């Protein structure tokens, strides 16, 4: 069970071999932030609840408000006047739309203007704020305020919509809502009467017009019968009449064919004149011509040749340009041939259409002559009977239409006369509210606490966003070129209780810190092997990054695994390796060897675990300028001859200029970053500088992040501790 970020992939070797990944936005770990400020948040929540109680009490005493409601019901519609009851077939969307429409009408400016002018409304306490010294009401200001305060809404899944009004005096509520209700119902009644008159008026006009036409037509029929002496009529068609109908039908078909042929000629002429483009059928027929088919095959072959030349010689090669020119020429030749064939086909089509039109015109002329002759003979025979029949049909049609119109008038009057046909009806009663609508304790108290808590949380997260320090792994993974090798948590996050982090692997191997060092050692070993490095320099950015602790524990892990390891104290300004391993801090060491006062073999000290240690040396020999030289490289090379791995504890880069010079004398480097100590920009710059050195940059170790033991990390740390206890 890992407590670290994902280890580096072997397919991405460390150091300078690959480009740095793009920087991404720094993420915020909300669990860590909440744990870090948990006490403040709890305190803020408690204070917010107390403040909410005070706000509720003050609000209730000085600014209470009372709300009333006027309810209206949307009644279904009648399909006809003879229906026994209202039938509502509207769906929920239609009812909701109608409810919102009626609510908007009930809260319109026209309604509110009448309400403000109502004598009863002008006497309520709410109106006092709009009266001048003489007691005159400013109805304009009252109207504007009433429009702001009154709300209306439709109840979901019901036939009801409500009008709400809230004010500080409970006695004012029923007065205003009753005035709104009376004015709205009155407006609806007037609209209903106007709708009835509007609905009936066109039918009455139509009925009167039909009466006049029926009387006039009846007089005309009587006169016609008297003049023509028509006492009977023959409804059977004569042979002549049937022949005439057949000729007319044939002529209509010929005329239709003529029009179609003329339309076709117009289309062909437009294509020949160039005002219209050839159709897809024209182009398709032309492309089936053998000459065009042959050209298409040539074009296909030339395209293949161009693709082959491009692949073989490149896009701008003369051979490619020549092949492309041949292809373009063949395409133009094909297009020109297609146009010629289309023109030829269109001319042939026009010749055929012209001949057809001429034949059809000849047939039409002949049919016109026959029809004219038959009509003249038939007219005298059927004229009188046909006209009489038409008169009688017109009279029958007018009388039937008059009966229908009168029936519609009667039905409209019956529907408007029924009370249950009213679309909106008043429902319920308007009472004086007994309890205030606001404040509500369950809103005021938690709301105040939430606002206060939200303000504090917002301030905390804003400060977190503006904080540029490295605090967690997410701050590192967002930096360019960073390869996170491991995380060593703060000892306060270790549930086992760690007293001396420098020797935790040796003294408390079952602790979370020891396990974190071992997991880092595994990732470090893979990165070192990928880079082929055996001498590694550990440096920090600012003082106190913890490189000595990391090196000492890493050496203990390597020795326990059976590998020979050497540790060199390269921090000649503030050496600590001797104290960590229990040696004399003023004994001969690195400074003496580099200065030439002692041999390398003479300064090596070995711990009980078999770790070879080279301390910083005697105080007078700690000339740190000499570390940026081949003399230091020689010491490292000698240590490599006797050990599998050489770990160099280097000074912090920011305050020790020799640190970057030492990076040139080893095979690889590791940057140790202490959480809450170094800025993201500084770490990014150090990573970039280390990647530019001749040595391979293996990655970054995050040391002592606080509050990482939350959520995922906390479960891992607890699992490690409990597993060790078992």
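Taking P(r) over Cα pairs in 10 Å bins from 0, in percent as calculated from this structure, the corresponding entry among [x] 2, 9, 10, 8, 6, 7, 10, 12, 12, 9, 6, 4, 3, 1, 0, 0; [y] 2, 11, 14, 12, 9, 7, 6, 6, 7, 7, 7, 5, 3, 2, 1, 0, 0, 0; [z] 3, 15, 26, 29, 20, 7, 1, 0, 0 is [x].
Rounded to the nearest 500, the helix-only mean residue ellipticity at 222 nm of the chain stands at -19500 deg cm²/dmol, with each DSSP H run of n ≥ 4 adding -39,500 (n - 2.57). For the chain, the longest principal axis of the alpha carbon atoms and the long axis of helix 680-691 meet at an angle near 60°. Cα centroid separation, the stretch 29-48 to the stretch 242-266: 93 Å.
Note on the stretch 352-415 and the stretch 568-602: Cα centroid distance 126 Å, given to the nearest whole angstrom. Taking only alpha carbon atoms, the stretch 473-725 gives an Rg to Rh ratio of 0.95, where Rh is the Kirkwood radius. Remark: the residue 129-residue 148 segment gains 5.3 nm on full extension, using 0.36 nm per residue and subtracting the alpha carbon distance.
The long axis of helix 239-273 is offset from the longest Cα principal axis of the chain by roughly 40 degrees.
Rounded to the nearest 0.05, what FRET efficiency do residue 525 and residue 312 have when you use their Cβ-Cβ distance and R0 = 51 Å? E between residue 525 and residue 312, to the nearest 0.05, is 0.50.
Taking the DSSP beta bridges with both ends in the stretch 473-725, the antiparallel portion is around 5 percent.
Angle, helix 38-62 long axis vs. longest principal axis of the chain, Cα atoms, 0 to 90°, nearest 10? The helix 38-62 is inclined about 40 degrees to the chain. Among 282, 269, a tally of other beta-carbon atoms within 10 Å of each Cβ gives an order, fewest to most, of 269, 282. Between residue 248 and residue 451, residue separation times 0.36 nm minus the direct Cα-Cα distance comes to 64.1 nm.
Between the stretch 640-687 and the stretch 500-546, what is the C-alpha centre distance in whole Å? About 13 Å separates the Cα centre of the stretch 640-687 from the one of the stretch 500-546. Counting 0.36 nm for each residue step from residue 73 to residue 214 and taking away their Cα separation leaves a gain of 46.1 nm. How high is the FRET efficiency between residue 166 and residue 401 when r is their beta carbon distance and R₀ equals 56 Å, given to the nearest 0.05? In this case the efficiency is close to 0.45. Reported value for the stretch 283-380: 111 Å³ per residue, from the convex hull of its C-alpha atoms. Antiparallel versus total DSSP beta bridges in the chain: what percent is that, nearest 5? Roughly 45 percent of the DSSP beta bridges within the chain come out antiparallel. Using C-alpha pairs under 8 Å with a sequence gap of at least 6, the mean separation divided by the residue count of the stretch 239-397 gives a relative contact order of 40 percent. Considering all C-alpha pairs of the stretch 66-196, those separated by over 23 Å amount to 40%.
Give me the tail of P(r) for the stretch 453-513 as a percent: Cα-Cα pairs with distance above 14 Å. Summing the P(r) tail past 14 Å for the stretch 453-513 gives 69 percent. Take the Cα of residue 492, step 7 Å toward its Cβ, do the same at residue 189, and the gap between the two points is 7.9 nm. With an 8 Å Cα cut-off and a minimum separation of 6 or more residues, compute the relative contact order for the chain in percent. Averaging sequence separation for qualifying contacts and normalising by length gives 21 percent for the chain.
Here, each number is a calculation from the coordinates, and none is a lab measurement. Worth saying up front: this structure is predicted, and the values here are computed from it rather than measured. Quick reminder, even Gly has a Cβ in these numbers, built from the backbone with ideal geometry, and neighbours come from all protein chains shown.
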